[in-house]
Amino acid sequence: MNQPAVSLRGVSLTLPSRAGDVEILRGVDFAVNDGEAVGIVGPSGSGKTTLLMVIAGLERVSDGEVFVAGHAIKGKSEDALAAFRRDHIGIVFQSFHLIPTMTALENVAVPLEFKGEPNAMEIAREKLAGVGLGHRLSHYPSQLSGGEQQRTAIARALASGARIILADEPTGNLDQETGSAIIDLLFDMRLSHSTSLLLITHDRDLASRCDRIAEVRDGRIVAGAFP
């Protein structure tokens, strides 16, 4: 049987606050198969974004084990985690997170250059063409529409051959029509690149386009934790 793309076992995350320790995740067990799309739903503050942060190695768990793309995340150094994300994880944020002083082409090429890819610009050009921005290579983020910025972010997430795409409310800053086009593109790219997709959304209709819906409440996955 193939190894899951993501496997969390008994994961807890507790963070300090002035009012005392706050449990963000509580004994989470969760798995995602290779190539599977999972919609993650739940109320604001339930732990959805933190779950993705843990999978990406951007938050360190207090307890439990995290395996992503065959790698044990717990105990890795910051440098090792950065290299792991570069090679295996693509992240699409609500707010795009493009570098404002770089062109679309340069933004997509960044992870490839960090990886030491000699053909970084050529690959970035191909990825931008794949999301319909072959004519916008030299434009800066401020010269791109919201939809074009998110397309650039998707191209960047896929540029270095990511096995897993983490998307946190990727249409939150877009109008409905543009957001629908971005979601169609994200699902198309997921299929053409054979990646797993974890999609946080408040829209259950959108979540239902995934293979499975996982529901998060009070730091626990209360439904859809496993394929």
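The values are calculated or read from the model by the stated rules, or taken from the named source; none is laboratory data. Model, not experiment: these values are computed from the prediction. Positions of Cβ are backbone-derived with ideal geometry, glycine not excepted, and every protein chain shown enters the neighbour counts.
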Note on region 173-191: residues within 23 Å of Val6 (Cβ to Cβ), out of contact with any Leu (no Cβ under 9 Å at 6 or more places or on another chain) and surrounded by fewer than 17 Cβ atoms within 10 Å (Cβ to Cβ) are Asp188, Leu191
*Is it the case that region 64-80 has a residue that's of a type in the set (D, E, K, R), in contact with a strand residue (DSSP E or B) (Cβ under 8 Å, 6 or more places away or on another chain) and outside any helix (DSSP H, G or I)?*
yes
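Against the condition surrounded by fewer than 16 Cβ atoms within 10 Å (Cβ to Cβ) and either touching a residue at least 24 places away in the same chain (Cβ under 8 Å) or out of contact with any Gly (no Cβ under 8 Å at 6 or more places or on another chain) (or both), how does Arg217 come out, does it pass?
yes
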Of the residues in region 128-158, those that are touching a strand residue (DSSP E or B) at 6+ places or on another chain (Cβ under 8 Å) and among the hydrophobic types (A, V, I, L, M, F, W, C) come to Ala153, Ile154, Ala157, Leu158
- For region 104-118, does any single residue satisfy the condition of being touching a helix residue (DSSP H, G or I) at 6+ places or on another chain (Cβ under 6 Å), touching a residue at least 24 places away in the same chain (Cβ under 8 Å), crowded, with 19+ Cβ neighbours inside 10 Å and in a loop (DSSP other than H, G, I, E, B)? no
In the set Ser12, Ser7, Ser44, the lone residue that is of a type in the set (S, T, N, Q) and at pLDDT below 95 is Ser44
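Looking at Gly146, is it touching a residue at least 12 places away in the same chain (Cβ under 8 Å), small (Gly, Ala, Ser) and either under 29 Å from Val54 (Cβ atoms) or touching a Cys at 6+ places or on another chain (Cβ under 7 Å) (or both)?
Values: touching a residue at least 12 places away in the same chain (Cβ under 8 Å): yes; small (Gly, Ala, Ser): yes; either under 29 Å from Val54 (Cβ atoms) or touching a Cys at 6+ places or on another chain (Cβ under 7 Å) (or both): yes.
The answer is yes for Gly146.
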Given (1) within 15 Å of the chain's Cα centre (by Cα); (2) exposed (fewer than 15 other Cβ atoms within 10 Å of the Cβ); (3) not in a helix (DSSP H, G or I); (4) not aromatic (Phe, Trp, Tyr), Gly57 misses just (2)
